[in-house]
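The values are calculated or read from the model by the stated rules, or taken from the named source; none is laboratory data. Quick caveat: nothing in here was measured; it's all calculated off a predicted structure. Positions of Cβ are generated from backbone atoms using ideal geometry, with glycine treated the same way; all protein chains shown enter the neighbour counts. These accessible areas exclude ligands, DNA and RNA; they are computed on the full protein's heavy atoms, side chains included. Shrake-Rupley method; radii C 1.70, N 1.55, O 1.52, S 1.80 Å.
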Amino acid sequence: MSQRRGPPPRADMLPEIAAAVGFVSGLLRTRGCVSEQQLQVFSGALREALAEHYKHHWFPEKPFKGSGYRCIRINHKMDPIISKAASQIGLSLPQLYQLLPSELTLWVDPYEVSYRIGEDGSICVLYEATAAKPASSYGMLTCKNQMMIGRTSPSKSYIMTVSS
């Protein structure tokens with residue numbers, strides 16, 4: 001039995017980080033310009049960077065708290081966490097701009113990871129877990145909810161079916 005110093009690892013954020021890392025890595029994979037070995041290195045670097053970035057900004061009891069801080073954003077300007085991880089595999093900023101969408105928002109919150117490509121794109125959920133939400137969190141105006149106000153595109157809970 002080993003003794004730990006300090007708080008235990010933040011295992012409660014691992015599924016959310018894994019979903020975010022898998023999504024960004026998948027975007028790089030689809031372009032076919034990055035090898036599987038490079039993707040593994042990139043994924044590891046991004047996972048470590050996100051865990052470090054979020055460690056004092058992860059509040060499962062108040063999932064919306066810190067949402068803006070945890071948001072990964074590419075808006076004609078590369079998110080520094082993604083560019084740092086990409087530098088580990090030798091990808092330059094111009095290469096990243098060619099491989100990733102020019103407009104991407106990725107929200108990594110306790111119990112939910114969602115994304116939007118483009119300013120007017122629909123919000124899609126990548127990962128969702130159930131959690132007992134405190135009554136005070138209902139109806140909060142979060143970064144993501146603010147963007148949904150006044151939108152004409154379907155909400156993220158909209159289900160589209162296609163039949164032949």
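Within segment 102-117, residues that are in contact (Cβ under 8 Å) with a residue 12 or more places away in the chain and basic (Lys, Arg) sit with their Cβ atoms under 6 Å from residues that are part of a strand (DSSP E or B) and open to solvent by less than 10 Å² (accessible area, probe 1.4 Å), at 6+ positions apart or across chains, in these pairs: Arg116/Thr105.
For (1) touching a strand residue (DSSP E or B) at 6+ places or on another chain (Cβ under 7 Å); (2) assigned to a strand (DSSP E or B), each residue gets a yes or a no:
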residue	(1), (2)
Leu91	no, no
Pro101	yes, no
Thr105	yes, yes
Glu119	yes, no
Val125	yes, yes
Thr130	no, no
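Scanning segment 45-95 for residues that are over 22 Å from Tyr111 (Cβ atoms), of a type in the set (Val, Ile, Thr) and touching an Asp or Glu at 6+ places or on another chain (Cβ under 9 Å) yields one hit, Ile74. Only one entry of Glu52, Glu103 meets the criterion of being modelled with pLDDT of 95 or more and surrounded by 14 or more Cβ atoms within 10 Å (Cβ to Cβ), and that entry is Glu103.
Close contacts from segment 42-66, counting a first residue that is more than 25 Å from Thr130 (Cβ to Cβ) and a second that is part of a helix (DSSP H, G or I) and open to solvent by 80 Å² or more (accessible area, probe 1.4 Å), with Cβ to Cβ under 7 Å and a gap of 6+ residues or different chains, come to Ala49/Lys84. Considering segment 55-75, and only residues there that are assigned to a loop (DSSP other than H, G, I, E, B) and closer than 20 Å to Ile123 by Cβ, the residue that is most open to solvent (accessible area, probe 1.4 Å) turns out to be Lys65. Scanning segment 1-26 for residues that are closer than 23 Å to Ala129 by Cα and either at pLDDT below 90 or open to solvent by less than 50 Å² (accessible area, probe 1.4 Å) (or both) yields a count of 16. Filtered by the rule that a residue be in contact with a helix residue (DSSP H, G or I) (Cβ under 8 Å, 6 or more places away or on another chain) and under 20 Å from Gly32 (Cα atoms), segment 105-130 gives no residues. Here Ile89 passes the criteria (1) more than 16 Å from Leu27 (Cα to Cα); (2) modelled with pLDDT of 95 or more except the one numbered (1). Tell me yes or no: at least one residue of segment 39-47 is at pLDDT below 95 and under 19 Å from Glu16 (Cα atoms). No: segment 39-47 contains no residue that is at pLDDT below 95 and under 19 Å from Glu16 (Cα atoms).
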